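Some notes on the structure that comes next.
The values are calculated or read from the model by the stated rules, or taken from the named source; none is laboratory data. Because the structure is a prediction, the values reported are computed rather than measured. Because the Cβ atoms are built from the backbone with ideal geometry, glycine has one as well, and the counts that use them run over all protein chains shown. These area figures cover heavy atoms from the full protein model, side chains too; ligands, DNA and RNA do not enter into them. Shrake-Rupley method; radii C 1.70, N 1.55, O 1.52, S 1.80 Å.
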Amino acid sequence: MIAEVITDVSAHPVDRPFDYAVPDGIAEVIEPGSRVRVPFGNRKVLGFVTGLKEESDVPASRLKPVDELLDPEPVLTEEMLRLADWMRETTLCFEIDALQVMLPSALRAKYEKTVHVINPEKLPHELAEITRDRRVVAVKEFGEGLLPVLKRLASEGTVSIETAVRQRTNIKKERVLHIIGEAGRLDEIRGSLPKIASRQAELINWMEEHIGMSVPSKDVMEATGTTRATLNALISKGAARETEEEVYRKPEAGLMPENGGIPGPLTDEQATAVGTISGAVDNRRDETFLLHGVTGSGKTEVYMQVIRQVLDQGREAIVLVPEISLTPQITSRFKRRFGPLVAVMHSGLSAGEKYDEWRKVQRGEVKVVVGARSAVFAPFRNLGVIILDEEHESSYKQEDSPRYHARDVAIRRAEEHGCPVILGSATPSLESYARAKKGVYKLLTLAERAKKQPLPEVQVVDMREELKNGNRSMFSVALAEAIRHRLDSGEQTVLFLNRRGYSSFVLCRDCGTSVQCPNCDISLTYHRATERLQCHYCGHEERVPLTCPECESEHIRFFGTGTQKVQEELHRLFPEARVLRMDVDTTRQKGAHERLLRQFGDGEADILLGTQMIAKGLDFPNITLVGVLSADTMLRLADFRAAEKTFQLLTQVSGRAGRHEKEGEVVVQTYAPEHYAVELAKDQAYEPFYAIEMGNRKRYAYPPFYFVTLIQFSHEDLMKVSEVAGNAARYLSGKLGPDTVIIGPTAAEVARVNNRYRYQCLIKYKKEPKLAGVLTDLVKIYRSSWMKEGITMSIDMNPSTIS
DNA sequence: AGCACGCCGACT
DNA sequence: GTCGGCGTGCTC
């Protein structure tokens, strides 16, 4: 038997299956999707079996055998193998990267080079000191200097150097005792015990009470006060059998369903949506629904009722949520409804915990997965529905290889499983809405809020006017008054700061320069917690200078509005207010996100101040004011989606206010009050916004009218990278159709990162059947010449941002 | 001649 | 990605 194996090597020349002979011992158990260890070159690597066959084109003499089968059952289904192929084609990634991204990181390989001592007596003294009497020692224990000596010894045959393939995270196991089922046999064993073995006798008595049962060994020893030795003695006499079994870590205690998980009442709109989607579930139609519901319209209840139906049919469901809204508030809703059938996958879990959740899915112990982007790969075999909540969120797109979009993967998987996809949003991406209007997706609308609350009153404040009137603070008069009002009435306020491009940087008041990163073309950001300046691109850190590095003036100070600075100003204006700050700095530790939200929910603070991460999922009855400190910072991005993102964010944020009995108020501060994205977000006027934005996209030839592909280049030398990018652009325009537009080469928004200059080309096209082929050829040119000159090139077939 | 270093190609 | 093989060029 021959196995086709994709090896764990991300490189162009080996991005294809290699054939291996399958030894008899594992031929019966190996399957497509199995992980194996194989010899590759002169080392051992992990690989995935993608196919099995009887004949190989490679001469038998050159075939090497599979070294070891790593799992008793395959970790990937045939469906996932096809999915990986599809990802390689559509995102231009290596097959191995597509395969690895579908699995928890615990299943990735860790390689360790080891020295195996063959002739200990020939080992030089200096090495023997390190090995002492061990036969296998990690190479890194010897240190750099001894490497040549080791190599020489290896060629002489005194030692051998091998690469060991290991699991990244240990799979937690415990020993379990299986007590035999025959009472008579236990009796016999007791009879044969010498008088002195009183411990064994006690243990036998205990076993008789637990006949035929399986109990963790450590529990047995604890319950009977016996030791391992006693236990082993009885095992060898045949009273019980012991095995190693995988145990799950417990990230949180399972919630039992509340009210038996009874669904809530539905509005007419919700009922219609559920009914329509149910039809697709019943008929196993792979239809995509766009559930367009205003904030607070109860999309989650629609999801849950569809999931209930899916579960009743014995099928499974995936619910994707943006990472930042994957809070216990959201997940516990699913856990309360579906109880222990739910697994949660998010970045807060340790690698081991992620693996445990994945195993629960693989073993069929759970039927619903709630998780971020990568949960779209949950190894279900009989999916009944895939849901993407907040489908417009850019976090569904992975920014490094494989550059997949969870929405596309979901739709692809749904085709295989014959099940519907639900894309839910209050502010759908233009792409999805356009597809819904064209009838590619089916549009379902929830125009009413579920509890019939009115949408919050939104007031847009022109900050230029404030400045004119002498208010130089970051709070407009209107917002300050509104906050004061909440403090007096004991209600809560959420303040939102769009931090991007607006964080604190250090500026010299004399010469006007800001402190730049030495490696990147970007200003350094001031971090109060560490009292240092940091680069958000390369991680460079330095002390805050006392004088300007350019002109040596002492008049240097912090500018911009970071959350820390807002917090200080809040304290100055409202000394009695209890403020919680939520941003990357305060949520870094595990569980901090949840803790802050709980504190706010419990009324331990009056004001919650935060960045992007508070825009979603916040749902507390006492929030009656939402303030947006600067609505238009995103509008300044050189990105065709800037207006769309601004509109989406403002709409989402406004939706946090007055979701319950009390009416909500929203104050939006901006320097561009007349911009359509700001104006239309005020009334959550999606349709008018859609119409204007579509006009712009059409005029400037952007999605959804055109497809875009972004090609980025980087090199230490500015001239070199601009030359190569120019060559690439010329090559593309020569090969692609006349209606295809190539923009560039242009310098990237951040033109230098980590001392490498960055250039890019943007391809805009409507129909370009040759594109895949042309890009493949471009990659060949890259490999054969540019790569050797130190250029790196990356292709994103559908970038979520081009800035 | 002996070796360090960098480039190139192979990996079943 | 990682290795060995091989060429170049430098040193003893």
Residue list for region A:12-45, restricted to those being in contact with a Gly (Cβ under 6 Å, 6 or more places away or on another chain) and among the hydrophobic types (A, V, I, L, M, F, W, C): A:Val36, A:Val38
Can you tell me which residues in region A:756-803 are open to solvent by 40 Å² or more (accessible area, probe 1.4 Å), within 25 Å of A:Ala638 (Cα to Cα) and within 15 Å of DNA strand C (Cβ to nearest atom)? A:Thr792
Would you check if there is a residue in region A:66-84 being open to solvent by 60 Å² or more (accessible area, probe 1.4 Å), away from DNA strand C (no atom under 16 Å from the Cβ) and either in contact with a Cys (Cβ under 6 Å, 6 or more places away or on another chain) or basic (Lys, Arg) (or both)? yes
Only residues in region A:610-621 that are not assigned by the TED database to the domain that holds A:Glu661 count as the first member; pair them with residues that are modelled with pLDDT of 75 or more, Cβ under 9 angstrom, at least 6 apart or cross-chain, and list the lot. none
Suppose the filter is open to solvent by less than 10 Å² (accessible area, probe 1.4 Å) and more than 30 Å from the chain's Cα centre (by Cα); does A:Gln669 pass it? yes
Report whether or not A:Ile196 is at pLDDT 85 or above and either in contact with a strand residue (DSSP E or B) (Cβ under 9 Å, 6 or more places away or on another chain) or in the same structural domain as A:Lys360 (by the TED database) (or both). no
Criterion (in contact with a strand residue (DSSP E or B) (Cβ under 6 Å, 6 or more places away or on another chain), surrounded by fewer than 21 Cβ atoms within 10 Å (Cβ to Cβ) and at pLDDT 90 or above) met by exactly one of A:Lys299, A:Lys367, A:Lys360, A:Lys335: A:Lys360
Out of everything in region A:587-623 that is of a type in the set (Val, Ile, Thr) and touching a His at 6+ places or on another chain (Cβ under 9 Å), what residue ends up being nearest to A:Arg484 (Cα to Cα)? A:Ile623
Would you mention how many residues in region A:633-663 are open to solvent by less than 10 Å² (accessible area, probe 1.4 Å) and assigned to a loop (DSSP other than H, G, I, E, B)? 3
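Do you know which of the residues in region A:99-124 that are of a type in the set (A, V, I, L, M, F, W, C) and either open to solvent by 40 Å² or more (accessible area, probe 1.4 Å) or touching a Leu at 6+ places or on another chain (Cβ under 8 Å) (or both) is farthest from A:Thr163 (Cα to Cα)?
Among residues in region A:99-124 that are of a type in the set (A, V, I, L, M, F, W, C) and either open to solvent by 40 Å² or more (accessible area, probe 1.4 Å) or touching a Leu at 6+ places or on another chain (Cβ under 8 Å) (or both), the one farthest from A:Thr163 (Cα to Cα) is A:Met102.
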Please go through region A:1-39 and pick out each residue that is away from DNA strand B (no atom under 15 Å from the Cβ) and of a type outside the set (A, V, I, L, M, F, W, C). A:Asp24, A:Gly25, A:Glu28, A:Glu31, A:Pro32, A:Gly33, A:Ser34, A:Arg35
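Matching residues to (1) over 30 Å from A:Pro72 (Cβ atoms); (2) polar (S, T, N, Q); (3) more than 16 Å from DNA strand C (Cβ to nearest atom); (4) in contact with a helix residue (DSSP H, G or I) (Cβ under 6 Å, 6 or more places away or on another chain):
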residue: A:Met87; (1), (2), (3), (4): no, no, yes, yes
residue: A:Cys93; (1), (2), (3), (4): no, no, no, no
residue: A:Ser105; (1), (2), (3), (4): no, yes, yes, yes
residue: A:Ile118; (1), (2), (3), (4): yes, no, yes, no
residue: A:Lys122; (1), (2), (3), (4): yes, no, yes, no
Residues that are out of contact with any strand residue (DSSP E or B) (no Cβ under 6 Å at 6 or more places or on another chain) and within 15 Å of DNA strand C (Cβ to nearest atom), drawn from region A:25-53: A:Gly41, A:Asn42
I need a count of the residues in region A:1-24 that are away from DNA strand C (no atom under 15 Å from the Cβ), exposed (fewer than 15 other Cβ atoms within 10 Å of the Cβ) and within 20 Å of A:Val165 (Cα to Cα). 1
Out of the strands (runs of 3 or more DSSP E) lying entirely within region A:701-780, which hold 3 or more residues that are closer than 27 Å to A:Pro13 by Cα and not assigned by the TED database to the domain that holds A:Ile522? A:707-715, A:756-765
